[in-house]
Each structure stands twice: as structure tokens, then as C-alpha cells.
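Each remark here refers to the structure printed beneath this line.
The numbers here are math on the coordinates, done by the rules we state, and not lab data. Note that the coordinates shown come from a computational prediction; the quantities given were computed from them, not determined experimentally. As a convention, Cβ positions derive from the backbone with ideal geometry for all residues, glycine included, and neighbour counts pool all protein chains shown.
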Amino acid sequence: MTELTNVLGPITQIQTRVFVRNATVQVIERGFMRGLPGIFAPSKVYRLGNEAIRAIAADTPETRERRRQLKQQVEALQDSVSELRGIGRTIDKFKVGVQFHIYPSLCDD
């Protein structure tokens with residue numbers, strides 16, 4: 001009997017924790033979900049004023065500023081990539097010119 005208790009004890013503890021966790025999640029979800037269908041009902045949204053809708057949907061000033069900064073960074077990175085591609089083409093042309101200059105026999109047919 002002791003051996004059976006030693007084996008089943010930890011399993012029972014795990015199952016109990018899982019049951020409590022699942023029950024807690026279900027209770028919390030039901031509490032949150034109960035009021036959600038009515039929150040954005042068309043009749044309620046229609047009664048909201050423009051300012052209220054903007055307040056719900058708008059970004060914070062910090063978010064707008066961060067978005068502006070990120071757009072600037074993207075533009076700067078795109079400009080850098082374009083410049084690097086141009087430099088890469090110039091280097092490739094230079095390599096070809098040097099190769100033909102150093103090895104003129106390669107140009108002879």
C-alpha cells in the first residue's frame with residue numbers, strides 16, 4: 001500500500017493543480033466574456049461621439065512619436081542599402097577593369 005501511495009501521490013497532486021488551474025481560467029474567462037457581446041454592439045457604437053471613437057482607436061502620443069522615429073530609421077536604412085548597392089556596382093566595375101588591365105591576355109581573342 002505504501003508503494004502505491006508513493007506512486008499515486010505525485011500524480012494526484014499534479015492532477016489537482018491542473019484541475020484548479022483549468023477551473024480558475026474558465027471562471028475568469030466567463031466573467032470577462034459575459035459582458036463583451038454588448039460592448040461593441042452596433043447600437044452602442046452608433047451612439048458614441050467622434051471624440052469617444054477617436055479616443056478608443058487612436059494611438060497615444062508616445063506611440064505616434066515612436067512610429068515617426070521608426071519610419072525615419074527605415075528611410076535611412078533604405079537609403080544606406082541603395083548607397084551600398086551603388087558602391088558594390090562601382091567596385092565590381094573596378095575589379096573587372098583591374099583584372100583586364102593586369103591580365104591583358106584575358107582580353108585577347
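How many of the residues in the stretch 1-23 are among the charged types (D, E, K, R) and surrounded by 10 or more Cβ atoms within 10 Å (Cβ to Cβ)?
2
Quick check on residue 75: is it in a helix (DSSP H, G or I) and more than 28 Å from the chain's Cα centre (by Cα)?
No; evaluated as a whole, the condition is false for this residue.
So, residue 48, is that one surrounded by 10 or more Cβ atoms within 10 Å (Cβ to Cβ) and either touching a helix residue (DSSP H, G or I) at 6+ places or on another chain (Cβ under 8 Å) or free of Cβ contacts under 8 Å to residues at least 24 places away in the same chain (or both) or not?
yes
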